[in-house]
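Here's the structure we're looking at; comments come further down.
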Amino acid sequence: MRKGGVILYPTDTVWGIGCDATNAEAVKRVYEIKQREDSKALICLVDSDARMQRYFRNVPDVAWQLIDSLKEATDAKPTTLILDGAINLAPNLIAEDGSLGIRITNEPFSKELCFRFQKAIVSTSANISGEPAAQNYCDIDPRILEAVDYVCWSRRQEHKPHTPSSIIKLKENGEVTVIRK
């Protein structure tokens, strides 16, 4: 990823296509692999709230409250936050309105990957746009397997249901919109 490579990896939800979220060329490749228009924003994973803060001009108080409540809940579903004022990322990753979806992962492999990489990592479902998300490694379309530079070994044998994250949009003024439960 440090050299612009694109990977397939297990996340706290479904299998993902990932790359360095600060590298515009790598992000462009992810859009090409998914056969997706770059007007549809991608999300990022980070390993901590401290790292998340590096990618926004201002994180609203309601976001910190939500993050704290998710940390305390033992059965909380992974939740992606869409926040305004994204910075320090590839321009083609940020939505036209300046927002970005980001999730703090707690799944061991993706958390360690984010920690070791020391940057946000793109995390979009490992599927061709419009097709079902790959819940497990065995569900990944061969075209995607062939298009990426590396496929992580972790959790390849797993066969259990996984679902995409909840998505909540938080405006700087405190307005909350649930995009996906």
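If you take the residues in the stretch 108-128 that are buried (at least 16 other Cβ atoms within 10 Å of the Cβ) and of a type in the set (A, V, I, L, M, F, W, C), which one is nearest to the chain's Cα centre (by Cα)?
Among residues in the stretch 108-128 that are buried (at least 16 other Cβ atoms within 10 Å of the Cβ) and of a type in the set (A, V, I, L, M, F, W, C), the one nearest to the chain's Cα centre (by Cα) is VAL122.
Do you know which of the residues in the stretch 145-158 that are touching a strand residue (DSSP E or B) at 6+ places or on another chain (Cβ under 7 Å) and not charged (D, E, K, R) is farthest from LYS3 (Cα to Cα)?
It comes out as SER154.
Can you name the strands (runs of 3 or more DSSP E) wholly within the stretch 77-181 that have at least 2 residues being more than 24 Å from ASN23 (Cα to Cα), of a type outside the set (Val, Ile, Thr) and out of contact with any helix residue (DSSP H, G or I) (no Cβ under 7 Å at 6 or more places or on another chain)?
On the way: elements: 79-83, 100-104, 121-125, 166-170, 176-180.
Output list reads 166-170.
Name the single residue that is surrounded by the most Cβ atoms within 10 Å (Cβ to Cβ) among those in the stretch 136-156 being more than 18 Å from the chain's Cα centre (by Cα) and among the aliphatic types (A, V, I, L, M).
ALA147
Residues in the stretch 18-37: is at least one of a type in the set (A, V, I, L, M, F, W, C) and over 28 Å from ASP139 (Cα atoms)?
The answer is no; no qualifying residue exists.
Within the stretch 98-124, which residues are over 20 Å from GLU25 (Cβ atoms) and polar (S, T, N, Q)?
Once the filter is applied, which keeps residues that are over 20 Å from GLU25 (Cβ atoms) and polar (S, T, N, Q), the stretch 98-124 yields SER99, THR105, ASN106, SER110.
Have a look at LEU100, LEU83, LEU89, LEU42 and point out the one that is modelled with pLDDT under 95 and surrounded by 15 or more Cβ atoms within 10 Å (Cβ to Cβ).
Going through LEU100, LEU83, LEU89, LEU42 in turn, the sole match is LEU42.
Based on this model, can you work out whether GLU131 counts as without any contact (Cβ under 8 Å) to a residue 12 or more places away in the chain, over 17 Å from the mean Cα position of the chain (by Cα) and within 16 Å of GLY5 (Cα to Cα)? I'd like the intermediate steps shown before the answer.
Values: without any contact (Cβ under 8 Å) to a residue 12 or more places away in the chain: yes; over 17 Å from the mean Cα position of the chain (by Cα): yes; within 16 Å of GLY5 (Cα to Cα): no.
So GLU131 fails the test.
Considering only residues that are within 19 Å of the chain's Cα centre (by Cα), closer than 23 Å to GLU107 by Cα and surrounded by 11 or more Cβ atoms within 10 Å (Cβ to Cβ), which ones fall in the stretch 157-181?
The answer is HIS162, THR163, PRO164, SER165, SER166, ILE167, ILE168, LYS169, ILE179, ARG180.
The values are calculated or read from the model by the stated rules, or taken from the named source; none is laboratory data. All figures in this text were calculated on a predicted structure; none of them were measured in a lab. Note that we place each Cβ from the backbone using ideal geometry, even for glycine, and neighbour counts take in every protein chain shown.
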